[in-house]
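A.B. asks: Structure in structure tokens, see below.
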Amino acid sequence: MQPTSHLHLGNYLGALKNWVALQEEPDSQCLYMVADLHAVTVPQEPEALTLATREIAAAFIAGGIDPSKSAIFVQSAVPGHSELMWLLATMTQMGKLERMTQFKDKAGKNAERAGLGLFAYPVLMAADILLYKTTHVPVGEDQKQHLELARDIAATFNTRFGEDVLLPPEPYIVGEATRVMSLQDGTKKMSKSDDSEKSRINLTDDADIIAKKIKKAQTDPDPLPEAVEGLEGRAGAANLVTIYAALAGISKEDVLAEYGGQGWGVFKPALVELAVEKLSPITARMNELMADPAQIDTILVEGNEKADVLARGTVQEVRDIMGFWHVG
Ligand code: AMP
């Protein structure tokens, strides 16, 4: 998760909530990274970057990641990421990077002026993954192409040096990916870059703000349908039902079995109550942690050490295979 600005409900329901569940799987060893080296591919204010780094760590912890079980760490604090990235960059064709749709989208028409960091971003992502011999990476649709490139780079390395050192990772799509849409426009993704604060629920919003935003959320004059098919063509309505289902951990069918035929005057207050019930403990814990940065730092230092031990092992193997000089 990149430390770029406040986390919102889309980040929580579409990513964090699912990632937290992964640490409960038998025999899993999970690493949760604050991707600050990725964040600086677009300019960041130094103070805001530090603050946002701690905020993501706080959200990880408040969202349920257990630091005694999993590593919560900061990418830039583990030097192996940059080092492996460089080594992998020497084996990555520019043509492949040029085909990355995210680069094309982000660079726009002005690709000549885009930074090298933005262009090379998928190589850093490959290093992030391969450094830990990661078997599974929880990604959304938008990152699948980058993951495919990471598999490709691993295969190139292994073929070139005749050793199966880098493990091609598998994408891991957890459950039904929840796509949370803007509260103001159900056809647009809820996003931190939306100018309107009313479009999103931030994880730092209190109960009053959550209630106001949900009350103003886009709907239509019809009552809730009895079946999911009845949500077609009703983007605002569908979004609120999706949010309810994801927060409650039930299906949309179950939501409609309970609320089908009811009006928004009944459903919205129920959604406010549910959202506040589920989000306020997370917000409270995040605020508590943000008021005590030393506590966050202790957890990060511990996580950085766990990650660094694994990362060093892989970098050493790669260095040895490539023939870099070392004593002894
Ligand atoms: P971002 O901060 O946009 O890079 O997103 C961080 C994570 O949250 C990624 O895994 C995204 O796929 C996920 N995410 C962001 N916005 C949404 C949304 N509106 N609905 C569902 N998931 C989202």
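The values are calculated or read from the model by the stated rules, or taken from the named source; none is laboratory data. Everything quoted here is computed from the prediction, not taken from an experiment. Cβ placement follows ideal geometry from the backbone for every residue including glycine, while neighbour counts extend to all protein chains displayed. Side chains are part of the model used for accessible areas, which takes the heavy atoms of the whole protein and leaves out ligands, DNA and RNA. Shrake-Rupley method; radii C 1.70, N 1.55, O 1.52, S 1.80 Å.
A.B. asks: Rank these by accessible area, largest first, 1.4 Å probe: Met1, Met190.
C.D. replies: Values: Met1 40, Met190 5 Å².
Descending accessible area places them as Met1, Met190.
A.B. asks: What accessible area, in Å² to the nearest ten, does a 1.4 Å probe give for Lys96?
C.D. replies: Counting only protein heavy atoms, Lys96 exposes about 50 Å² to solvent.
A.B. asks: So with the 1.4 Å probe, I'd like the accessible area per residue for the chain, rounded to whole Å². Intermediate values should be presented prior to the final figure.
C.D. replies: Working: 16480 Å² over 328 residues.
Each residue of the chain exposes 50 Å² on average to a 1.4 Å probe.
A.B. asks: Assigning unit charges at the beta carbon (Lys, Arg +1; Asp, Glu -1) and nothing else, what dipole magnitude in debye, to the nearest 20, does the chain show about its Cα centre? Walk me through the intermediate numbers first.
C.D. replies: Details: 31 positive and 46 negative charges, 158 e Å.
It works out to roughly 760 debye.
A.B. asks: Quick one: Cα convex hull volume of the chain, Å³ per residue? Before the final figure, lay out the partial values.
C.D. replies: Details: hull volume 52.3 nm³, N = 328.
Residue-normalised Cα hull volume stands at 159 Å³.
A.B. asks: Sticking with this one: Rolling a 1.4 angstrom probe over the protein chains, ignoring ligands and nucleic acids, what is the accessible area of Ser251 in square angstrom, nearest 10?
C.D. replies: Ignoring ligands and nucleic acids, Ser251 comes out at about 40 Å².
A.B. asks: Further question on the same structure: If DNA, RNA and ligands are ignored and the probe is 1.4 Å, what is the ranking of Val301, Val241, Val327 by accessible area, most exposed first?
C.D. replies: Highest to lowest solvent-accessible surface, that is Val327, Val301, Val241.
A.B. asks: Determine the order of Lys109, Lys215, Lys189, Lys133 by accessible area, beginning with the largest, at a probe radius of 1.4 Å.
C.D. replies: Working: Lys109 215, Lys215 135, Lys189 105, Lys133 70 Å².
My answer, sorted largest first, is Lys109, Lys215, Lys189, Lys133.
A.B. asks: Okay, moving on. So if each residue of separation counts as 0.36 nm, and I subtract the Cα-Cα distance between Ala227 and Asn287, what length gain in nm does that give? Walk me through the intermediate numbers first.
C.D. replies: On the way: separation 60, 0.36 × 60 = 21.60 nm, distance 3.91 nm.
That works out to 17.7 nm of additional length.
A.B. asks: What's the FRET efficiency of Lys96 with Gln295 using the Cβ-Cβ distance as r and R₀ = 30 Å, to the nearest 0.05? If you can, show how the numbers build up before the last one.
C.D. replies: Numbers: r = 42 Å, r/R0 = 1.41.
According to the calculation, E is roughly 0.10.
A.B. asks: Can you tally the net charge around Glu55? Count Lys and Arg as +1, Asp and Glu as -1, for every other residue whose Cβ sits under 15 Å from the Cβ of Glu55.
C.D. replies: Values: positive: Arg54, Lys192, Arg285; negative: Asp36, Glu45, Glu47, Asp205, Glu288, Asp292, Asp297.
Net local charge, Glu55 excluded: -4.
A.B. asks: Solvent-accessible area of Ser191, probe 1.4 Å, all protein chains present, reported in Å² to the nearest ten, please.
C.D. replies: My reading of the accessible area for Ser191 is about 30 Å².
A.B. asks: Another question about this same structure. Less than 12 Å Cβ to Cβ from Val20, Lys/Arg counted +1 and Asp/Glu -1: what total charge do the surrounding residues give? Walk me through the numbers before you get to the answer.
C.D. replies: Values: positive: Lys17, Lys69; negative: Glu24, Glu25, Asp66.
Summing Lys and Arg as +1 and Asp and Glu as -1 gives -1.
A.B. asks: For a quick check, take a GNM of the chain with Cα springs below 10 Å and name the residue from Ala154, Ala126, Ala257 with the largest mean-square fluctuation.
C.D. replies: Looking only at Ala154, Ala126, Ala257, the largest GNM fluctuation is found for Ala257.
A.B. asks: Now a separate question. Answer with one residue from Ala48, Ile321, Ala59: the one whose Cα lies farthest towards the positive end of the charge dipole of the chain, charges on Cβ with Lys, Arg +1 and Asp, Glu -1.
C.D. replies: The one lying farthest along the dipole's positive direction is Ala48.
A.B. asks: Okay, which of the range 195-223 sit inside 20 Å, backbone N to the point 7 Å along the Cα-Cβ direction of Ser280?
C.D. replies: Flagged as within label range: 201-217.
A.B. asks: When the dipole is taken about the Cα centre of the range 197-288, and only Lys, Arg (+1) and Asp, Glu (-1) are charged at their Cβ, what size is it in debye, to the nearest 20?
C.D. replies: Details: 11 positive and 15 negative charges, 78 e Å.
The dipole of the range 197-288 has a size of about 380 debye.
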